[in-house]
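A short worksheet on the structure shown next.
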């Protein structure tokens, strides 16, 4: 019986050895080729971070698998993510970035760190791996144990909790960037550091917009770095919170005495002004719109609280809002609030049917007072068109002088309001504001008022039609008697705006 059993034992022994070889050889290959994480293809041999604990030895960190590694309570989607090669590559990217920041003194093993909007927790794991054990993440969705869920605009942390706060590609995508930045600042200790990775802020305009979100901080550095994916670039911006600014609600008062340098830089790329008076302005100025260099085509308009378009002298919806702004203005996928300021009652009913347009049925002016609104019609306009009141409307004080002896087909009293003061109440320097102004000569009153009040600094881009005694289309060789100003005065107005840093375009 013993002799019969020996071949069976030898067979089982050989089978066991072959089984061990069949397991060990692929394992050794995966570890050798895939690295210490034991990853190959899209999967790794180690468990998901839900079952991981972190230990530090000196300045290095290692990951240890705890009991219950295959717990069914871990979301399947997160487990698949955590065991992917892409996950490891992204963690390695952040580890490298944080090691550089640590070497420069922005991070240390004693730092209490927070990753805002961390998502699945790459950044948190990277911090722990480089020896910053007191690191946490917060996002709208939880990814335990690395990231907790919470309201990013009302974070569950006391003022001045963290030494280091990190955010990547979050602020520019937030619908409330001002509130988010204020909350980041609130939770940061005085003299603590904020590190932002963003695909935006690559130009002076958008960088200034980002810095404006953090009035309690100073800029330490802004430079370009390689992104986590091949051929991608990011901007890394380091800010330091100033002492004595424990609470920052993002609503610090704004004073405008000098137009900022970042707006002046934009003007170097703007289209030139038309220096010579056009003989056929109705053709020349209309064609000039094709030469306009829109601000969003020259700079990134991220990091703004709101996006606002104000049409002063809007006339009908199709006059410029529907035909031009909606269709042609480059908005960089931003949703704009639209205001139509139009005193002519003939257009009010139309706007009542338009969603997304806020109508102000008044006249933009330099103060709050009652005005006389006058509708003048083109000489060749048909009688039935005149009855609609769709001529060019002009305003003048109710006790004002005559309008060069012109007769009016329609005169009625309207309310005028201080446009500059309204603008200061309605928008802030943290908003992106575009204004189109076609106000039949009143620009020579309102533009100086904008400078006087400082409201001009709230306008990022201005499309201005300047009215002067131009050559008439109907009557060759004759100038329009409607306006006293000359083309030279218009050119002076445009030039003064640009010299003051306002991106103004000649509207038609």
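Take the Cα of residue 169, step 7 Å toward its Cβ, do the same at residue 353, and the gap between the two points is 4.4 nm. Cα extents for segment 453-498 along the principal axes, largest to smallest and rounded to whole angstrom: 40, 16, 15. For segment 68-226, the relative contact order works out to 16 percent when only alpha carbon pairs closer than 8 Å and six or more residues apart are counted.
To the nearest 0.05, what FRET efficiency results for residue 367 and residue 429 with a Förster distance of 25 Å applied to their C-beta separation?
About 0.60, to the nearest 0.05.
Please list log₁₀ I(q)/I(0) at q = 0.07, 0.09, 0.11, 0.17 Å⁻¹ for segment 261-506, using the Debye equation with identical point scatterers on the alpha-carbon positions. Reported log10 I(q)/I(0), two decimals: -0.23, -0.39, -0.59, -1.53.
For the pair residue 324 and residue 473, label points projected 7 Å from Cα toward Cβ lie 1.4 nm apart. If both residues of a DSSP beta bridge must be in segment 261-506, then about 35% of such bridges are antiparallel. Projected over every direction and averaged, the convex hull enclosing the alpha-carbon atoms of segment 159-208 yields 3.6 nm². Each residue in 189, 293 was given a count of other beta-carbon atoms within 10 angstrom of its own, and listing them fewest first yields 293, 189.
Report relative contact order for segment 261-506 in percent, whole number only (criteria: Cα-Cα under 8 Å, sequence separation at least 6). That works out to 22 percent. Placing pseudo-labels 7 Å out from each Cα toward the beta carbon at residue 440 and residue 297 gives an inter-label distance of 3.1 nm. Over all pairs of different C-alpha atoms in segment 136-230, the reciprocal of the mean inverse distance, the Kirkwood hydrodynamic radius, equals 14.3 Å.
Tell me, in nm to one decimal, what length is gained between residue 92 and residue 286 on full extension, where the rule is 0.36 nm per residue of separation less the Cα-Cα distance?
Taking residue 92 through residue 286 to full extension adds about 64.4 nm, to one decimal.
None of the figures in this text is laboratory data; all of them are computed from the coordinates on show. Predicted model only: the values in this text are computed from it and were never measured. Methodologically, a virtual Cβ is constructed for each residue, glycine included, from the backbone with ideal geometry; neighbour enumeration extends over all protein chains shown.
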